Amino acid sequence: MSLSFQDMESILMDQLRLYHHPIAVTWLFTDEDVTAFRRSTPHVIPVKPLTFCQWETAARMQGKTVLGTVETLACANARVSFGWREIDEREVKSQLKYCVDEAQARRFLLSKPRLPMNSVRAVAVGPLGKAALPPHVIHFYCDSVQAYHLAVDYMAATDTHPLRPQITMSSSACGGSVFCWQQKTFNHCTPCSGAYNAGKTERGETYAFIPGEQLEAVVRRLLQRIEKSGSSSVTRPGDYFPGGDICKNCPLIIFKSGDGIACEGCDKK
C-alpha cells in the first residue's frame, strides 16, 4: 500500500525533527495544468513579485501552497532557472560580484541547470502533506545532520553511491530543484548569499532535494531502519534522533536512572 503525501510528511517531520514542512515543488507545463491545479488545490498567490525563496517561505513555515508565475517572480536567477529569462548582458553583470571577469561570469551562468525556455507556465510550491498532484521535487530546509540522514537513506533506497550533488554561484533553491529533477537524483547545496536577509534561511539551514518519484522509497527505507534499530538515528542506532551524537559518541558519556537511590542522610527512597 502506498504512503500518502501526508503520511510521508508526518514521518519525516517526526523522525528527523524537521523545523520546516518539506516543500513539494511542482512544474505546471501547460495552461490546462494550471487550470487543473487551481481547481484541485487551495492556494495563495503573491500580492507583489517575490523571490522563489520567498514563495517557499509560505510553504515551509506557514503551510500554504503558493502558485507562482513569471509575473510574480522578482528573482532574475530563478527566472533563468525556470526558463523564463534568457542569459543576457544584464544577468552576466549581476554575477560579476562572484567572478573574476565577464567571460567567467557568462561561462558559469551557461553551465547552470535550466528548464528549456518557456517550457513551464507556472510553478507550485507547498507543504508536502497538502500536495494534490505528484510533486516533481521535494525541497528540504534542514540542518546538516538531517541532510546526512536523508542522503544516507536515499543512497540505500536507490542503491546509489557516492552522491555527487551540485553547488552553483547563486540559483541554489531554484537551480538546485531543477538539477534534482533533470538528473533524477538527490541534491544537496548551500543557500545563496544573503541567506539571512532574503527569506532563504533563519538558522543557517542547508538544502536537500529528492526527486518526487523517489521519495516514498526513501521514507520506506527510513521506516525499515527504525524497525531494525529502534530509531531514525544512523549515528547511534537505538537512540532517538539525533541519537548519541555527543562528544564524538564517546562511550563513557552514559547515564542511569536515579530512581531508588537513597537520599543522603536518610533511609527514604
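Worth pointing out:
- Among residues of the stretch 11-54, those that are farther than 17 Å from R79 by Cα, touching a helix residue (DSSP H, G or I) at 6+ places or on another chain (Cβ under 7 Å) and assigned to a helix (DSSP H, G or I), counted: 4
- Hits in the stretch 122-154 - residues which are of a type in the set (G, A, S) and either under 15 Å from K64 (Cβ atoms) or assigned to a helix (DSSP H, G or I) (or both): A124, G126, G129, A131, A132, S144, A147, A151
- Of all residues in the stretch 225-238, those that are within 15 Å of A157 (Cα to Cα) have Cβ atoms under 8 Å from Cβ atoms of residues that are assigned to a loop (DSSP other than H, G, I, E, B) and at pLDDT 80 or above, 6 or more apart or on another chain, in R225/S232; I226/S232.
- Pairs with Cβ under 9 Å, 6+ apart, first in the stretch 15-34 and in contact (Cβ under 8 Å) with a residue 12 or more places away in the chain, second in a loop (DSSP other than H, G, I, E, B) and among the basic types (K, R): Y19/R203; W27/R121; L28/R121; F29/R121; T30/R121; D31/R121; D33/R121; V34/R121
- Long-range neighbours under 9 Å by Cβ, at least six apart or interchain, first residue at pLDDT 95 or above within the stretch 156-167, second in a loop (DSSP other than H, G, I, E, B) and polar (S, T, N, Q): T158/T185; T160/T185; L163/T185; R164/T185; P165/T185; I167/T190
- Flag not set for A208, criterion: in contact with a helix residue (DSSP H, G or I) (Cβ under 6 Å, 6 or more places away or on another chain), more than 15 Å from H139 (Cα to Cα), hydrophobic (A, V, I, L, M, F, W, C) and modelled with pLDDT of 80 or more.
- Residue check, K48 basic (K, R), surrounded by fewer than 19 Cβ atoms within 10 Å (Cβ to Cβ) and touching a Gly at 6+ places or on another chain (Cβ under 8 Å): no
- Any hit, the stretch 65-77, residues being surrounded by fewer than 17 Cβ atoms within 10 Å (Cβ to Cβ), modelled with pLDDT of 95 or more, of a type in the set (D, E) and assigned to a helix (DSSP H, G or I): yes
- Test: L109 is part of a helix (DSSP H, G or I), at pLDDT 95 or above and in contact with a strand residue (DSSP E or B) (Cβ under 6 Å, 6 or more places away or on another chain): no
The values are calculated or read from the model by the stated rules, or taken from the named source; none is laboratory data. As the structure is a prediction and not an experimental result, all values here were calculated from the model. Ideal geometry is used to build each Cβ from the backbone, glycine not excepted, and the neighbour counts take in all protein chains shown.
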